[in-house]
1. Explain nothing, just compute: Karplus ³J(HN,Hα) = 6.51 cos²θ - 1.76 cosθ + 1.60, θ = phi - 60°, for every residue of segment B:50-57 in order, whole Hz, x for Gly and Pro.
2. Going by a 1.4 Å probe on protein heavy atoms, which residues of segment B:174-204 end up with at least 50 Å² less accessible surface in the whole assembly than in their chain alone?
3. Give, ordered by residue number, each residue of segment A:211-227 whose 1.4 Å probe accessible area is reduced by a minimum of 10 Å² on adding the remaining protein chains to the chain alone.
4. Over 25 Å between Cα atoms, which of B:LYS71/B:LYS110; B:LYS71/B:LYS154; A:LYS284/A:LYS351; A:LYS151/A:LYS214 qualify?
5. Please report, for the Cα atoms of chain A, the Rg to one decimal and the Dmax as a whole number; what are they, in angstrom?
6. Can you tell me how much longer the chain between A:ALA250 and A:LYS192 gets when fully stretched, taken as 0.36 nm per residue apart minus their C-alpha distance, in nm with one decimal?
7. What aspartates and glutamates does A:LYS57 reach when the alpha-carbon gap must be under 16 Å and sequence neighbours fewer than 8 apart in one chain are set aside?
8. What does the buried accessible surface come to for A and B, summed over both chains, with the probe at 1.4 Å? Round to 100 Å².
Amino acid sequence: MKNFMRAMMAGAVMAVIGFAGQAMATELVVVSWGGAYTASQQGAYHAPYMKKNPGIKIINDDSAGTAVAKLRAMAQAGNVTWDLIDVVAADAMRLCDEGLVEVINHDSDLAAAPDGTPASKDFGDLIVSECFVPQIVYSTTFGYRTDKVSKPMTSICDVFDTNTFPGKRSLQKSPLGNMEWALICDGVAPAKIYDVLGTSAGADRALAKLDSIKSDVVWWTAGAQTPQLLADGEVVVGSTYNGRLFSLIAEEKQPVAMLWDWQVFDLDGWVVPKGTKNKAEVMKFLKFATDTQRLADQSKFISYGPARASSAPLVGKHGKLGIDMAPHMPTDPNNAKTTILTNYEFWADNKDDLDAKFNAWLLK
Amino acid sequence: MNTAQANTVLLTADGTPLKVSLARAQRRSKIIAFSMVAPLLIFITIAFLVPITDMLLLSGNNEIVQRILPKTVEVLQSWDETSGELPDEIVFAAMVDDIKKAKAAREHTKIGQRLNYESSGFSSLFRKAGRKVKKIKKPPYKEALIKSDKRWGKIETWQVVKQFSGQFTDGYYLAAIDFKRNPSTGNIDSLPSKDSIYLKLFLRTMLLSTLITFLTFIIGFPISYLLATIPTRISNTLIIFVLLPFWTSLLVRTTSWIALLQQEGVINDFLILVGLIGEDGRLAMIHNATGTVVAMTHILLPFMILPMFSVMKTIPPSFMRAAISLGAHPWRAFWRIYFPNTVAGIGAGSILVFIIAIGYYITPALVGGSSGTFISNRIAYHISQSLNWGLGSALGVILLGIVLAFFVLYDRIVGIDNMKLG
C-alpha cells in the first residue's frame, strides 16, 4: 500500500512537472499557406529550430490566404494572436503601409551571408518593403499537356494562339499577369508594358487581346485548380504557381511540360505583426529561418528559388525524389531568359482601377 | 359595482394592496424571464447587431481624411476649386506639415490608399511624398512640393482632396451602384456601360437566385409529397436520402459536381457513349452560370423539401378523399384542396432558399466561372483581398436592403404569419 501511494505521488508530481514544462514552452504561431508549402517550411525551418530550442513550440496556422484581412481585424480588436506571417510582397507592402507589421532592420535583425555580406546586400532588390523579409522567389507561369498539342509550346503567345493550339486555357481571375502577357503578345515592347497599361487605352488594348481567347478560358481563383484541370484534361494549357506545376510533373508524373516564357516573378516572405506577444522569440526564429543555409534547405522540398543570392549555389537535390532541383527553379538561367518582375508600385496605384475594368470586362 | 371597486382597495391576506402584490409577483417573473433570454439577447447583440451597425457606419465613414490631413482640409475650404488655379502657398505648407506628421505616425500611406479608391495614382503620390517631405524644410513649399512630384501641380489632385475631405462620404455607395463623383464639378456621373459591374451583378444574383428557388420548388414538391403521403416507416428511411447530402460538406458536394459536369467528366462521357453528342460537341456545363445553378439547386434542395414536407404532413388525407367523393376530378381536388394547404410550406421554403442563395459565395466562386458569380463574391473580394472595406460594406448594406425589401414584399403578398417551418 505504501509503495502504491508513493507511486501515485510520483505520478502526480511528474504530471505537475509535465504541465509546468508545457506551460513554460513558448508557442509561436506561424501563419502560412498550408499544404506542400507549409510542409517545406516545417522541414527546412520549424523542425530544426524546435530541435535546437526545446523551449519553443511552433504552431502552424494555414490562413495566409486571408491573413491581411484577418490581421487588420485582429489589430482593430486589439488582440493579435499571431507571431509571424508568410505573405506575398504586395500584401507585405500594404500591411506595412497600414502600420500593422513591424519595421525590420535587415542588417541587424537578420543573419549575414557566410562570407560576411550583410543581409540587406544579400537580399538586394528583393527587399521591396522595410517590413518584409523575402524568403522565396516564385513565378506564375504556364504548364501544358504534352499529349494534346501538335508541337511543344515555347512562347507565351502560343497561349493566345487558339488555331495552332486549340482547347481551353486556364487563367487567374485577376488582371495581374494576364494583362502584361496580353500586351506583350499584342506587340508592346516588354520594357514599355507598364507605361502602356497605365493609360486607359492601354488597359482596353490588353482586354481586347484577352477578348480573342475569352470564350476558351476557364478562370481560376485557387492555385490548386490549374493542376487539377490539367490532370483531368479539361484544359490544354494553364497558368499557376511554378511549384504546383513542379509537383504535377515530377511528383505526380502527369504528361505536362513547363512553358517558362515571360514568367511573372513574385516574392513571398515574412512579416512580423505589431502586437505579437513573443517579439523577442520570434525575431530569433526569423534570424534562423532566413539564413543562407535554411533558405537553400527549403528548396529540397519545393521548387521555389531562395531569395538570398548566397543560397543559390547551395540548392541541392529534392529530399525524396533525389532529382536535381536547380533546373526546376524559376530563377535558373535556362528558365529565366524572359521574365517580368511584378511592378509593385504600379499595381498599388492601379490595382483597384484595373481590377474594376477587368471584372467589368468579364461580365460582358 | 363600479363605485365599489373605485372606493375600496382590495387587500391581500398580509394587508398589502392586491395591485402592489400582483405587480411585485409579476416583476419577479419578468426578471426571471428576462434573465433567461438575456444570454440570447447578448449573443444577438454581439454577433448580429454590432457587426451590422459597424458595417453601416463603415460604408459611409470618411473621417480618415480630416484626421490625417487636418490643416490641409481646413485651409482648403477657402480655395475655390472651380477657379482653375492652384491653391495658395498656405495650402501647400499645410499639406507638407500634415504629411510630415503622418509620416512620423506611418499613416501617410493610409490616406493615399483611401484617395486611390477615388482616383488612381494617389497611392504612389502619398508614398513618394512621405519619402520626400523631410527634405522640404523652408518655403516656398509650393515649388518644392511640385518639384518632388509634378502631380502636386495639377488642379485635379487638389480637387480630389477637397471633394473627399468630408466627415462622411457617399463615394462607396456611388461606386457600389456604378456611379462616380466627378472631382472637378462635383456632379455624379454614371460609369460607361463597359465599366459597370455591380448593377449587373446585383441583377444576375437576383435572377439566378429566383431561378434556383423555382427549380428547388419544382424538384422538391413531388419529393415532399411522396415523403408526406407514404407510410412513415418508409418515409423515415427515404428522408435520410434528403438529409445525407445536407450533412455532407459543402465543398465535397461542390467539387463532386465539378467531376460530374466538366467537359471530360462523367456526364459528357456518358452522352458521348450513347451517341447523343460527338467528341467535339462536349457540353460546357461548369465554370459558367449553368454550373452555379445546378450545384446550388442541389445544395439548397433540403431547405425547400423540409418545410414543405412538415407542412404536408399536417394535411389530413381525408380532405382529398372528401373532395373526390363529392365529385371532383383528382387533379381538381389536388389543385383546389391540397395545393392551397401547402402554400405556407412553399412560402417558407422559397424565402429560405432565396435568402440563402442571394448571399452565397463559395459555390459560385468554385463553379461559376465568369458568368455564374454573384455579388457576394465581389463583397468577399473587397473584404479579404482588396481591403476596400468601405466599398465591401456599402455592397453589403445594399444586399441587406434587397433581402429586407423581399421580406416585406413577401409579407404583403403571402403574409409572414402564414409561413410555417413545421
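1. With the stated coefficients, segment B:50-57 comes to 4, x, 5, 4, 4, 5, 4, 5 Hz.
2. Buried-area filter returns B:LYS194, B:ILE197.
3. A:VAL218, A:TRP219, A:THR221, A:GLN225
4. On the way: B:LYS71/B:LYS110 17 Å; B:LYS71/B:LYS154 20 Å; A:LYS284/A:LYS351 35 Å; A:LYS151/A:LYS214 23 Å.
Beyond 25 Å: A:LYS284/A:LYS351.
5. In Å, with Rg to one decimal and Dmax whole: 23.3, 91.
6. Result: 17.3 nm gained on full extension.
7. Once the sequence-local aspartates and glutamates are set aside, what remains near A:LYS57 is A:GLU27, A:ASP83, A:GLU281.
8. 3500 Å²
The values are calculated or read from the model by the stated rules, or taken from the named source; none is laboratory data. As the structure is a computational prediction, the values presented were derived from the model and not from experiment. As a convention, Cβ positions derive from the backbone with ideal geometry for all residues, glycine included, and neighbour counts pool all protein chains shown. Just so you know, the surface numbers come from the protein's heavy atoms only, side chains and all, with ligands and any DNA or RNA stripped out. Shrake-Rupley method; radii C 1.70, N 1.55, O 1.52, S 1.80 Å.
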